[in-house]
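K.L.:
Would you mind keeping the following structure in view while I ask a few things?
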Amino acid sequence: MPKRGRPPVLDQEKRRDILTILTVGCSRRTAARYVDCAPSTIRNTAERDAEFTEKLAKAENSSEVMHLRNINAAAKDPRYWRASAWALERLRPEFYGSRNPEIVTPDRLAELLAQVAETIVAEVPVDRYRKNILKILEEVLREFREK
């Protein structure tokens, strides 16, 4: 008995086109426009087809790998040291990224909360109130570090 229902919007040719477009670094939205479908069609097809999901992930990651290879190749030449600096800024922004003075790091927050805790210990006369406040501050810092 023949299958009923609508034929799939993304035939094998359109799927290959999508994967090729993603491989060069374009977005799923661009790939969807190219094959004349909605981005949700790509997502829905991937949800129904594990093999296509795997190929999508590989195609999307391959562009990133290609660019990192280019950066690494350029960085081998001392004239192009900026390629290494650029990669480090993005791979480890907490150490190498430019710092906005308005951004609070976990270490800086810990320093600030330690100062607040010292003030609380000195100024709040009731021991159980102090302990509750300090416990809340510790929880705030823990949650901030987890983000």
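The values are calculated or read from the model by the stated rules, or taken from the named source; none is laboratory data. Because the structure is a prediction, the values reported are computed rather than measured. Note that we place each Cβ from the backbone using ideal geometry, even for glycine, and neighbour counts take in every protein chain shown.
K.L.:
One residue is enough: does the range 28-39 have a residue meeting the conditions over 22 Å from Y96 (Cβ atoms) and either modelled with pLDDT under 90 or β-branched (V, I, T) (or both)?
P.N.:
Yes, because at least one residue in the range 28-39 is over 22 Å from Y96 (Cβ atoms) and either modelled with pLDDT under 90 or β-branched (V, I, T) (or both).
K.L.:
Further question on the same structure: Can you tell me how many residues in the range 115-147 are closer than 22 Å to E102 by Cβ and at pLDDT below 90? Quick ask: steps written out before the conclusion?
P.N.:
Looking only at the range 115-147, we keep the residues that are closer than 22 Å to E102 by Cβ, and these are 115-116, 137, 140-141, 143-147.
Still in the running and at pLDDT below 90: 137, 140-141, 143-147.
Number of matching residues: 8.
K.L.:
On to the next question. Which of the residues spanning the range 61-112 are farther than 30 Å from L19 by Cα, part of a helix (DSSP H, G or I) and of a type in the set (K, R)?
P.N.:
The initial filter retains those residues of the range 61-112 that are farther than 30 Å from L19 by Cα, namely 76-82, 85, 93-112.
Still in the list and also part of a helix (DSSP H, G or I): 78-82, 85, 93-96, 106-112.
Of everything in the range 61-112, those that are farther than 30 Å from L19 by Cα, part of a helix (DSSP H, G or I) and of a type in the set (K, R) turn out to be R79, R82, R108.
K.L.:
Would you say A83 is surrounded by 15 or more Cβ atoms within 10 Å (Cβ to Cβ) and modelled with pLDDT under 85?
P.N.:
Numbers: surrounded by 15 or more Cβ atoms within 10 Å (Cβ to Cβ): yes; modelled with pLDDT under 85: no.
The answer is no for A83.
K.L.:
Filter the range 43-73 down to the residues that are under 19 Å from R29 (Cα atoms) and modelled with pLDDT under 90, then identify the one that is nearest to the chain's Cα centre (by Cα).
P.N.:
Residue satisfying both the conditions and the ranking: E64.
K.L.:
Here's another thing I want to ask about it. Would you check if there is a residue in the range 78-85 being over 30 Å from D107 (Cβ atoms) and touching a Pro at 6+ places or on another chain (Cβ under 7 Å)? Full working, then the answer.
P.N.:
Residues of the range 78-85 over 30 Å from D107 (Cβ atoms): 78-80.
Restricting the remaining residues to those that are touching a Pro at 6+ places or on another chain (Cβ under 7 Å) gives none.
No, the range 78-85 contains no residue that is over 30 Å from D107 (Cβ atoms) and touching a Pro at 6+ places or on another chain (Cβ under 7 Å).
K.L.:
Taking P125 as the residue in question, decide whether it is surrounded by 11 or more Cβ atoms within 10 Å (Cβ to Cβ) and on the phi < 0 side of the Ramachandran plot.
P.N.:
Values: surrounded by 11 or more Cβ atoms within 10 Å (Cβ to Cβ): no; on the phi < 0 side of the Ramachandran plot: yes.
No; evaluated as a whole, the condition is false for this residue.
K.L.:
Here is a follow-up. Find the residue count for the range 86-103, including only residues that are under 21 Å from L141 (Cβ atoms) and surrounded by fewer than 11 Cβ atoms within 10 Å (Cβ to Cβ).
P.N.:
Applying the first criterion (under 21 Å from L141 (Cβ atoms)) to the range 86-103 yields 93-95, 99-103.
Now narrow it down to the ones that are surrounded by fewer than 11 Cβ atoms within 10 Å (Cβ to Cβ): 94-95, 99-103.
Result for the range 86-103: 7.
K.L.:
Which one of these does Q115 not meet: (1) surrounded by fewer than 12 Cβ atoms within 10 Å (Cβ to Cβ); (2) within 30 Å of V65 (Cβ to Cβ); (3) not hydroxyl-bearing (S, T, Y)?
P.N.:
(2)
K.L.:
Could you look through the range 1-27, keep only residues that are closer than 27 Å to V65 by Cβ, surrounded by 13 or more Cβ atoms within 10 Å (Cβ to Cβ) and among the β-branched types (V, I, T), and pick out the one that is modelled with the lowest pLDDT?
P.N.:
Ranking the candidates gives T23 first.
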